[in-house]
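The values are calculated or read from the model by the stated rules, or taken from the named source; none is laboratory data. Computed from a prediction, not measured in an experiment: that's the story for all the values here. Here the Cβ positions follow ideal geometry from the backbone for every residue, glycine too, while neighbour counts run over all protein chains shown.
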């Protein structure tokens, strides 16, 4: 394995460990919507009983995926570049299916575009990572984020090398594909770890808002509310999103 390959493999291992650590402090991301609804129904019943005896129980909910969109908005300009590359890939596939380009030409151009796409996706994540590191509100995660930044830069160098190789013409397709797959897997680990770190901050902010507003419970939901009584259940998603947006 080349030196750059070792760096990329090391990044994948580091990020896998980091993601494993983060998952113990994050709530489950999926499979809990039905349980949330049941919990809501139970709490509403409790609320009705408590109100009848003069008590009160304040409940709110947050759509974490919607709150996470603040990170997407912060990197909107870079995402435009990725979307352009995706369109080029789709156009290339259409040309090949229409037999207007040869198989060799298609494979060479496809490899180049795939490398460019990975380069663009990595640039988005590094931009978000830089914003998080620069923010004092991410100070509790800064040590881990700075480790990721160092390794992510090594990955970025490897991806740029792959882009250059693809543009000049791949001499050994098998070696190129192996290096690309390794880099792609490392990026996936990086992206997942960064998403978990961002989600953790959203959860922390939601907890802070809940305490400040005097809520007894905040449910995490994913577009499952068919009806809500605004007097009994508040949506704090926009407020949490605004606070996290200020961090970036």
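Side notes on the structure shown:
- Which listed residue is touching a helix residue (DSSP H, G or I) at 6+ places or on another chain (Cβ under 8 Å) and closer than 30 Å to residue 238 by Cα, from 152, 134, 123, 166: 123
- Matching entry among 238, 197 (being closer than 18 Å to residue 64 by Cα and exposed (fewer than 14 other Cβ atoms within 10 Å of the Cβ)): 238
- Taken as a whole, the structure leaves residue 216 outside the set of residues that are surrounded by fewer than 18 Cβ atoms within 10 Å (Cβ to Cβ) and modelled with pLDDT of 95 or more.
- Selected residue (criterion: farthest from residue 153 (Cα to Cα)) from residues of the range 180-219 that are touching a strand residue (DSSP E or B) at 6+ places or on another chain (Cβ under 7 Å) and part of a helix (DSSP H, G or I): 210
- So residue 174, is it more than 18 Å from the chain's Cα centre (by Cα), at pLDDT 95 or above and part of a helix (DSSP H, G or I): no
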